[in-house]
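Inspection log for the structure reproduced underneath, given as structure tokens.
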Amino acid sequence: MGFLKNVSAIAKGMSITFGEMFKPTIVENYPDGPGPLRGAVFQERFRGMHVLQRDENGLEKCVACFLCAAACPSNCIYIEAAENTEENRISGAERYAKVYNIDYNRCIFCGYCVEACPTDAITHGHGFELATLNATNLVYRKEQLLAGVPAHVGQNVVFNITEAAKQKMITK
Amino acid sequence: MADAPKLVNITVNGKKTTAPAGTLLIEACKQIGIEVPSFCYYPGLSLQGACRMCLVEIEKMPKLQTACTTPVAEGMVVNTESEKVVQSRKAMLEIVLANHPLDCPVCDAGGECELQDMTYTYGAAESKFIDIKSHRDEQQWSPVVFFDRPRCILCYRCVRVCGEGMDVWALGVQNRGQGSVIAPNKQDHLECEECGMCIDICPVGALTSGSYRYKTRPWEMNHVGTVCTHCGDGCLTTVGVRRSDTGMEIVRCDNRDKSGINGDFLCVKGRYAFDFAANQERITQPLIKRDGKFVPATWTQAIELVADKFKQVVQKDGPQAIGVIGSNRTTNEENYLLQKFARLVLGTNNIDHHRTADFPAFAKAISENKARTASMRDVFEAPAVLLIGNDPTEQHPLLAWQIRNNVRLHRSKFYIVNSQAIKLRRQATQFVQIPTGAEARFVDFLSGNDAAAGTLTQAGASNENLSQLRDALKGEQNLVVIFGSELRGADISALVKFAAPQNAKFICLGDYANSRGAADMGLFPDLLPGYATFAGAARYQQEWGADVPALVGMDLKQMFGAARDGKLKALYVVGSNPVSRYALDPFVLQAPFVVVQDMFMTETAIAADVILPAAFAYEKSGTFTSTCGDLQMLRKAGDVVSVKSDFEIVVRIAEKMGYDVRKLVPFGKGLRADMGQSRGAQSGEADRHSVWLQARGLEPKVSPFDPLATLDEIQRLIPGYDVSQINLVSGNDEHTQLVQIQNASIPSHPELVVPSNDTLFTSGTLGRYSTVLNSVMERRATGKEVAAD
């Protein structure tokens, strides 16, 4: 009886092995897959490298309120604020972040900064390829974190106002 | 003394308590730890009853009552937490928030906003209104004051502090009811003393500071309480610092800490004039002059050069060929160390400083008459104040504030004798205008010389006025007598003799942050620390373990004379600008080897052979003595890499000259040590650990650059300075009494007293490099709006 028991155990095991052969593969073909993520697939909620968002006019959403830095448990966000002027408008409010650094040596991707942000400026993107041979490369500057300018900005007359045209609109 | 007011019994939230009759209910509640919220109530200002946040339920009264305007009454039963009260508070907040923009993320007050705190505590975070909030653009009222109208909650604190507190009346209210707006006195801008009290007192972010706007947030800074570096009043100022590329950057100064002698007060200089620290022109590395040009050098090179030259001069030409000029802005410890350096290391008494008041004569007068000096706190409490000369509104803003508020809140009497119609005359019981320079003759008149009255009369003062004033003064007990640098030498003596029998206290006004300290620490060619003559040198020699040179040294002008004659071979100037202050010829400095320790390229520094970049008051620890004699401790707040404190520089030069540093700084001796004051805001765990060790006396050694060890020695040697060091370390002020000084002596040079003549918007060399002060002055001169940052 012991012999039969052994055979049935092997058969049971092999049935799983052979069964899997006929199911579709679920292994991601990273890094040889298609697209910018090279085959990596994410849940929407995945917390990767941060993205600093822009509003519909292409201005930065960040107003340098420092709440993300305050919320950060690993103290990895460094901000220097500056005031917007008529000539140099960076964000929608009075203030913008002149310097915005995230130190990915320290970041634990907890998402508290995203929760704290009152203007939805900082979000987690899906960037995950942060590995580097030099730790100093892991301090990301604002320029590296910023989202691209929305495609429609500069595309037509509504979104491509020259300074002269703006003045004309004001005086009318 | 009036009898203490009767106590009445009240019950608050079921707790039985007593309070003196006449106490406001809100204060009585505070006494027993019950907080009644309010926006418009501010202790010391008139009552407003505008915000309705302090509504409480009082039994037998039909409606809710404002606790801030209701005095307690016998048998009053109060409920501050009833359903009705809670509901009304919530409703009041909702109305306040109806038009308040929710721009907390960009608002400067975010994080230290009373409205935020109230909303968190009492609810009403959700609005029932759907209408669009009314918006107005932000207005700039002056280089340092910005007004954001929608944020204003109309508590009128700014209006009251400006009018009642400052006696400036630059802010007012336009329109009525819901349409009320706070408005400046000149249509769209302010013409005022720019003290910034309105900004500080604003419970929300409606009034914001031009120099701090949008720079950072309150929780991002470290807050370090230290003593203001400008005039001699010794206000406590809280310095907000942030990490920067070059150390710790000073972002703002304010008076978060109301426990200082200045209470709520801070003037334009204390609040905004810290920016010279980050001025582009600040010298941040040692400079050595080679072929007529300044070349950057390392600290080692510079200090070796200075030490070698000093040694050479002492050996070749004798110690009399070196002069040392001290500063009014360095700490007591640094001044003390400097005179010790001159006397022991160099072996000369050629040491002096820019004198702005005749403190030696004052010390002698006080100790001879067994009179007392008044602290800044006494000025607020005194039943009567006499002011001779000076214009405190311009030169001693805190003193003016104390006098004004004493008159306003305590109905004290205030007598002024001045050659100008100064602003404080508006508070005066009697104001007597005398001819310019006649202050001494007035003292003569006070002392009983009626003939002097004839020369004093002019339009503002008749003989009758003068005798009336003299009679009134003779009748005042516990008078506080304040006088400026107009009185010197024997006149001070006469004045003290006149008022001392009436139990009067005295204040002699010097101009800079540590003018009094520099004098107390013996930066004189003929006086040792504590105004002692060389006859009393034995005590000092015992403490120092070395001989004090017997020869009386040269004073500042004599040093420059000796330089011209080629007798002075080296000059060591620490934080001072004698060329400009005494209008001396800088060309005489070409011959001697001149070392200047300063922050900027001053008129004196240009003539130097070596310039050593020094830290200023906010960047080091130590103690300052205010002009009244109030001793307070500085804490290191800002930090700039590559500059050193004057203390450290002096010790390093002495060490390189081959002097035993242990003899100069008594470190390792004594019980007290640096408790972290000199380490700065970002000291970190390691330092905190060593503070713990030091506090328990477990650390084997203290640093030779530790000024606290020197404070020990100062306290042993200078009578009046032996005050509680624990109190100093915890940020309190301690009054030093000159009366304990025995055998004080007067150097015979009242003509060396040169007042700085600073106004409210100037502050010697530092003021010249302050962008904010310059922009305020430019604004006043041109009438055009100038940005402060």
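Numerical summary
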{"read-out": "For B:99-111, mean number of other protein chain Cβ atoms within 10 Å", "value": "4"}
{"read-out": "14 Å reach of a label modelled at B:A98, 7 Å along Cα-to-Cβ, counting backbone N of region B:163-192", "value": "B:177-180"}
{"read-out": "For B:P613, net neighbour charge (Lys/Arg +1, Asp/Glu -1) across residues whose Cβ lies under 14 Å away", "value": "-2"}
{"read-out": "Cα point-scatterer Debye curve for region B:7-96, base-10 log of I(q)/I(0) at q = 0.20, 0.21, 0.24 Å⁻¹", "value": "-0.91, -1.00, -1.28"}
{"read-out": "Computed helical MRE - 222 nm, chain B, DSSP H runs ≥ 4 contributing -39500 (n - 2.57), nearest 500", "value": "-8000 deg cm²/dmol"}
{"read-out": "Of A:P34, A:P118, A:P150, the one that fluctuates the most in a GNM where chain A has Cα springs shorter than 10 Å", "value": "A:P34"}
{"read-out": "Two-site label geometry, B:R564 and B:Q502: point separation in nm, points 7 Å out along Cα→Cβ", "value": "4.6 nm"}
{"read-out": "HN-Hα J in Hz across region B:405-417 - Karplus 6.51, -1.76, 1.60, θ = phi - 60°, x for Gly and Pro", "value": "6, 5, 5, 6, 8, 10, 6, 6, 8, 9, 10, 10, 10"}
{"read-out": "Ranked by how many other beta carbons lie within 10 Å on average, peptides B:243-253, B:294-304 from highest", "value": "B:243-253, B:294-304"}
{"read-out": "Partner chain coverage, peptide A:118-130 - average Cβ within 10 angstrom", "value": "1"}
{"read-out": "Per-bin percent of Cα-Cα distances, region B:115-248 [10 Å]", "value": "10, 33, 34, 18, 4, 0"}
{"read-out": "Cα convex hull of region B:157-216, projected area averaged across orientations, nm²", "value": "4.6 nm²"}
{"read-out": "Part-to-part distance (alpha-carbon centres) for region A:23-40 and region B:290-356, which is given in Å", "value": "75 Å"}
{"read-out": "Residues of region B:395-415 with amide N under 16 Å of a point placed 7 Å along Cα→Cβ from B:A781", "value": "none"}
{"read-out": "Interchain or long-range residues, amide H under 5 Å from B:R243's placed H", "value": "B:E249"}
{"read-out": "Accessible area buried at the B-A interface, both sides summed, 1.4 Å probe (Å², nearest 100)", "value": "1300 Å²"}
{"read-out": "Sequence-distant residues sharing a close amide H with B:Q597 (under 5 Å, placed H)", "value": "B:V573, B:V574, B:G575, B:S576, B:L612"}
{"read-out": "Selection of trypsin sites (Lys or Arg not before Pro), region B:1-48, meeting DSSP coil and at most 15 other Cβ within 10 Å", "value": "B:K6"}
{"read-out": "Region B:359-509 shape via C-alpha gyration tensor axes, a/c threshold 1.5", "value": "rounded"}
{"read-out": "Test item: B:216-224 mean partner chain Cβ contacts at 10 Å", "value": "3"}
{"read-out": "Label point distance in nm, B:K128-B:S467, each placed 7 Å from Cα along Cα→Cβ", "value": "7.4 nm"}
{"read-out": "Dmax and Rg, reported as Rg then Dmax, of region A:49-149 (C-alpha, Å)", "value": "13.2, 42"}
{"read-out": "Of A:I79, A:H50, A:N105, farthest towards positive along the dipole that unit charges on Lys, Arg, Asp, Glu beta carbons give region A:49-149", "value": "A:N105"}
{"read-out": "Ranked by how many other beta carbons lie within 10 Å on average, peptides A:13-22, B:648-657 from highest", "value": "B:648-657, A:13-22"}
{"read-out": "Rg to Rh, two decimals, where the protein assembly as shown supplies the alpha carbon set and Rh follows Kirkwood", "value": "1.05"}
{"read-out": "Separation of the B:Q301 and B:V754 label points, Cα + 7 Å toward Cβ, nm", "value": "3.3 nm"}
{"read-out": "Where only alpha carbons of region B:486-619 are counted, the Rg and the Dmax (Å)", "value": "18.1, 55"}
{"read-out": "Cα Rg over Rh - chain B, Kirkwood", "value": "0.99"}
{"read-out": "With Cα atoms, 0 to 90° folded angle of helix B:771-782 axis to chain B main axis", "value": "70 degrees"}
{"read-out": "Set of lysines with alpha-carbon distance to B:K6 below 28 Å, sequence-local pairs under 8 removed", "value": "B:K15, B:K16, B:K30, B:K60, B:K63, B:K413"}
{"read-out": "About the Cα centre, charge dipole magnitude for region B:7-96 (Lys/Arg +1, Asp/Glu -1 at Cβ), debye", "value": "60 debye"}
{"read-out": "Peptide ranges A:79-88, B:337-346, B:489-498, A:36-45 listed from the most packed, as the mean C-beta count within 10 angstrom indicates", "value": "B:337-346, B:489-498, A:79-88, A:36-45"}
{"read-out": "Zone residues, region B:429-446, relative to B:K474, backbone N less than 16 Å from point 7 Å out along Cα-to-Cβ", "value": "B:443-446"}
{"read-out": "Relative contact order computed over chain B (Cα-Cα under 8 Å; 6+ residues apart), in percent", "value": "15 percent"}
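The values are calculated or read from the model by the stated rules, or taken from the named source; none is laboratory data. From a predicted model like this one, the values you see are computed outputs, not experimental measurements. Virtual Cβ from ideal backbone geometry, glycine too; neighbours counted across all protein chains shown. To get the accessible areas, we keep the full protein, side chains included, count just its heavy atoms, and leave off ligands, DNA and RNA. Shrake-Rupley method; radii C 1.70, N 1.55, O 1.52, S 1.80 Å.
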